[in-house]
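FYI, it's all coordinate maths here, none of it is from the lab. Owing to the predicted nature of the structure, the values given are computational and were not obtained by experimental measurement. Note that we place each Cβ from the backbone using ideal geometry, even for glycine, and neighbour counts take in every protein chain shown.
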Amino acid sequence: MEQAKDNQIIIYNTDDGKASVILYAKDGNIWMNQNQMAELFSTSKQTISYHVANILEESELDANSVVKDYLTTASDGKNYQVTFYALDMILAIGFRVRSKRGTQFRKCQRLLKEKVTCPIIR
């Protein structure tokens with residue numbers, strides 16, 4: 001995994017080699033959308049959406065700090081507003097999904113946070 005800088009893309013490969021997921025480093029955090037999380041945790045987008053709603057409803061995390069809309073350019077060349085979720089939300093979902101991939105991702109969470117917040121780590 002390469003050093004994360006603001007507005008940089010990080011590619012996370014699952015231990016089983018079945019998925020390669022893109023994480024975005026922006027605003028001092030790592031961000032993913034629901035489709036990316038569904039691929040990461042080997043589940044459906046509906047399951048991710050369900051867990052996001054519950055995490056926010058239970059006030060486990062504050063939406064103002066873990067949910068942001070960003071403009072992204074799709075394959076058709078058009079810009080779309082897409083909702084992204086910060087690393088804390090990604091990890092909270094990983095604990096709820098309880099998949100093998102979620103466990104693998106949680107194991108590397110400290111490294112991910114360090115790479116985003118500490119520019120001297122290589």
How high is the FRET efficiency between residue 72 and residue 95 when r is their beta carbon distance and R₀ equals 35 Å, given to the nearest 0.05?
0.85
Residue 35 to residue 59: FRET efficiency via 1/(1 + (r/R0)^6), r the Cβ-Cβ distance, R0 35 Å, to the nearest 0.05?
0.85
Starting with the fewest neighbours, write out 49, 44 ranked by other beta-carbon atoms found within 10 Å of each beta-carbon.
44, 49
Can you compute the FRET efficiency between residue 79 and residue 106 using 1/(1 + (r/R0)^6), with r the Cβ-Cβ distance and R0 = 30 Å? Round to the nearest 0.05.
0.35
